[in-house]
Amino acid sequence: MAALGWLTSRRRSATARSVLAGEASAEAARKTSQDLESARRAPAPDGTPEEPAFPVVGDRRAAAFFDLDNTVMQGAALFHFGRGLYKRKFFDTRELTRFAWQQAWFRLAGVEDPEHMQDARDSALSIVKGHRVAELMTIGEEIYDEYMADRIWPGTRALAQAHLDAGQKVWLVTAAPVEIATVIAGRLGLTGALGTVAESVGGVYTGRLVGEPLHGPAKAEAVRALATAEILDLTRCAAYSDSHNDIPMLSLVGHPYAINPDAKLRKHARARDWRLRDYRTGRKAAKVGIPAAAGVGAVAGGTAAAIALHRRTRR
């Protein structure tokens, strides 16, 4: 009985951390979206996508939520961010080697391993401690131009644009640091981003997370919190992801879509008549189901990757 009580307590604690992470991410996303709106950049067209986007209709009570890694961007955004930080001498060759190994695991295994995520998070938080938020935001802009801009999937970009053209808000949802996610969202002309949030005091990172990385159930909690704040009807919203880890988020909305899906997500999506699209091979994945009204990750990337985490200043 004692063991059962301990397990129940641990599960409650994990749920509480997910909720805290989700609420913190939603709060940060709404603040940064105002900055993005005032400095909106019109994204340069990437050419005509090979396939038409899923149909989207105007609906102010709807929004779209996009996972980042392997859904919007090829590979892990944090890997490319780590490359940029190494170039700027934020960490040494030994750390880069471990970082590269974790990225290789992510690409080959196609899964976000919790143990690797924990290792990446702990390493990253030790490195970020003491750095200024503004410094890393500026570096994030530079690194996006150097390594990320040409890795955006044109097909997924077209899907996001279809929602924007219909007057809907479009949010990235990722375990990556919210600053990096916000940089990418801004460059793509999206509304904003939900990402992993870390604490800072006086604009300097403390080395502690708020809750936990925005991964799995925490993503769903972030979307739920944002939907409440934005007065959205989740049954009219859409979500896009490549990973079975995001099934909680996908299941939360009325219009879930599997983009470049891993094997588990593909199986799950087919069983539930979710729509699929695969841009990895240039072929058209089987589309399953018809949406009722198309109104519609991670710190797993690597060692020094979760560096630019969001400020949550103590008062």
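Values in this text are rule-based calculations from the coordinates and carry no lab data. On a predicted model such as this, the values are computed, not experimentally measured, just so you know. For neighbour counting, all protein chains shown are included, and Cβ atoms are generated from backbone atoms with ideal geometry for every residue, glycine included.
Miscellaneous remarks
- Efficiency of FRET from Cβ geometry, residue 273 and residue 60, R₀ 30 Å, rounded to 0.05: 0.65
- Taking 0.36 nm per residue of separation and subtracting the Cα-Cα distance, full extension of the segment from residue 228 to residue 141 would add 28.3 nm.
- Within the shell defined by Cβ-Cβ distances under 10 Å, the residues around residue 62 carry a net charge of +2, with Lys and Arg each +1 and Asp and Glu each -1.
- Using a Förster distance of 22 Å, the FRET efficiency for residue 149-residue 88 (Cβ separation, nearest 0.05): 0.75
- Phi angles across the stretch 150-160 convert, under the Karplus curve 6.51 cos²θ - 1.76 cosθ + 1.60 with θ = phi - 60°, into 3J(HN,Hα) values of 8, 10, 7, 6, x, x, 5, 4, 5, 5, 5 Hz, Gly and Pro given as x.
- Rounded to whole numbers, the Karplus 3J(HN,Hα) couplings from phi for the stretch 137-148 are 5, 5, 4, x, 4, 5, 5, 4, 5, 6, 10, 10 Hz, using 6.51 cos²θ - 1.76 cosθ + 1.60 with θ = phi - 60°, and x at Gly and Pro.
- Every Cα-Cα pair of the stretch 141-202 was included, and the share exceeding 14 Å stands at 60 percent.
- Each peptide in 190-197, 171-178, 66-73 receives the mean, over its residues, of other Cβ atoms within 10 Å, and ordering these scores from highest gives 171-178, 190-197, 66-73.
- Panel order for 65, 79, 91, by other beta carbons found within 10 Å of each beta carbon, from fewest to most: 91, 79, 65.
- Each Lys or Arg adds one and each Asp or Glu takes one away; over the other residues whose Cβ falls under 15 Å from the Cβ of residue 233, this sums to +3.
- Sequence of 135, 27 once ranked by neighbouring C-beta atoms within 10 Å, starting from the fewest: 135, 27
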